[in-house]
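The values are calculated or read from the model by the stated rules, or taken from the named source; none is laboratory data. Not measured: the values here are computed from a predicted model. A quick note on method: Cβ atoms are made from the backbone with ideal geometry, for glycine too, and the neighbour counts reach across all protein chains shown.
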Amino acid sequence: MAGALLDGEPVPADGSLPDAATANIGQNGFAVYVHVPFCASRCGYCDFNTYTASELGGGASRDEYAETVLRELDLAAKVVQPARVDTVFFGGGTPTLLSAGDLGRILEGIDRVWGLSVDAEVTTEANPESVSPEYFRHLRNAGFNRVSLGMQSSASHVLRFLDRVHSAGRAPEAAREAREAGFEHVNLDLIYGTPGETEEDFARSLRTVIDAGVDHVSAYALIVEDGTRMAARMRRGELPYPSDDVAADRYLAAEAALTAAGFEWYEVSNWAKEGGACRHNELYWTNADWWGLGPGAHSHVGGVRWWNVKHPSAYAKRLWEGVSPGHAREVLTDEDRHLEDVMLRVRLREGIALDGVDPAGVRQAVDGGLAVVRDERMILTLEGRLLADAVVRDLLT
């Protein structure tokens, strides 16, 4: 999420929060995020808190992971008691490297300590090669109703560039298997603007996701993060940097193809058919409360944000000693919360209320063709979506 995650104040050993933070917990919704840090291999562009088998030390066994997360959940239940859990999202890493039974055990634990709402959205991310029809059936029987598959591209050479291990046809096949297993909502992720990707490569990827019968598509421009293997290769001149102009062209192609196929954008990088929007992400984007379980996971309750120790071994050690895995936390000021609210809400289809932003910034965006004003809200135009970060800067200065 937005905000500078600098060293903050220590988290108490019991994980307790100020009373003021929990006074209205869940008023705008309550979500649970479960971080699963395991990956079969590391992609060159990835800077997430993930580990391959060779990078893990003792105390970080996949076999013990579900039990460790359940220990954090029991601690969390002593700290907060929301009226219900609206959404659960298993991310990573590759959550589906755990057995469907272990993911189901964690979900059962969340229901036991906090209670899932009757219409709770329960999602897991998955790499296409880590799932099967049988695995999907077990997940569906455990209560999962949404899956997000990392497709990235339908071009084999682009997948190789990104260090993805699945074949070009596996992602749409997995999406169809999920629907056949009874999943109500299926997302496919795309990454565009990879060096070497052609206009036709991306057009073919768009046709593939549309033909797969999914109801949600996320499409992101390739971002080269410092510290990744890809960034090092680009600094050495071994690979070209992504082009902003190409990324803009790809975005316009995605908007045209997905809109023609019955999808609507509801956040700058996300399109869905009716009823297919990711409710979990919508809670993030609208300042709800959430608890993040797992190493490196971030949480937010009532203006207090904290994050767990990053390494799975350190995370497990603390919990098996009965100590909170929280590494540090920060109390957001009113200014912090306003800034983050603007950054996130501007990107949404419903836009942001005029009374929450600088009128001069709104006029500048409207005069420049980057936004329109409708029903006392400022809403980005298509051109504005390409320049959303610039619009946010103008609204905050």
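Specify which of the listed residues (169, 143, 193) is in contact with a helix residue (DSSP H, G or I) (Cβ under 9 Å, 6 or more places away or on another chain), modelled with pLDDT of 95 or more and assigned by TED's automatic domain parsing to the domain that holds residue 255. Going through 169, 143, 193 in turn, the sole match is 143.
Of the helices (runs of 4 or more DSSP H) that lie entirely inside the range 309-397, those containing 1 or more residues that are among the polar types (S, T, N, Q) and out of contact with any Lys or Arg (no Cβ under 6 Å at 6 or more places or on another chain) span 312-320, 359-367. Return yes or no: is residue 175 surrounded by fewer than 19 Cβ atoms within 10 Å (Cβ to Cβ) and at negative phi? The answer is no for residue 175. When 297, 371 are checked against the criterion of being of a type in the set (A, V, I, L, M, F, W, C), closer than 23 Å to residue 218 by Cα and in contact with a helix residue (DSSP H, G or I) (Cβ under 8 Å, 6 or more places away or on another chain), a single residue qualifies: 371.
If only residues of the range 227-248 that are more than 21 Å from residue 159 (Cβ to Cβ) and in contact (Cβ under 8 Å) with a residue 12 or more places away in the chain are counted, the one that is surrounded by the most Cβ atoms within 10 Å (Cβ to Cβ) is 248.
Mind listing whichever residues of the range 117-135 are under 14 Å from residue 90 (Cβ atoms) and of a type in the set (A, V, I, L, M, F, W, C)? Those that are under 14 Å from residue 90 (Cβ atoms) and of a type in the set (A, V, I, L, M, F, W, C): 120, 122, 126, 131.
Any residue at all in the range 185-195 that's hydrophobic (A, V, I, L, M, F, W, C), more than 19 Å from the chain's Cα centre (by Cα) and either under 24 Å from residue 134 (Cβ atoms) or not in a loop (DSSP other than H, G, I, E, B) (or both)? There is no residue in the range 185-195 that is hydrophobic (A, V, I, L, M, F, W, C), more than 19 Å from the chain's Cα centre (by Cα) and either under 24 Å from residue 134 (Cβ atoms) or not in a loop (DSSP other than H, G, I, E, B) (or both). Within the range 69-98, the set of residues being part of a loop (DSSP other than H, G, I, E, B), within 21 Å of the chain's Cα centre (by Cα) and small (Gly, Ala, Ser) comprises just one member, 93.
You will find that of 347, 374, 337, 363, the residue that is under 24 Å from residue 397 (Cβ atoms), touching a residue at least 40 places away in the same chain (Cβ under 8 Å) and surrounded by fewer than 17 Cβ atoms within 10 Å (Cβ to Cβ) is 337 and no other. Residue 149 meets all of the listed conditions (1) of a type outside the set (Ser, Thr, Tyr); (2) free of Cβ contacts under 8 Å to residues at least 40 places away in the same chain; (3) surrounded by 23 or more Cβ atoms within 10 Å (Cβ to Cβ); (4) part of a strand (DSSP E or B) but one, namely (2).
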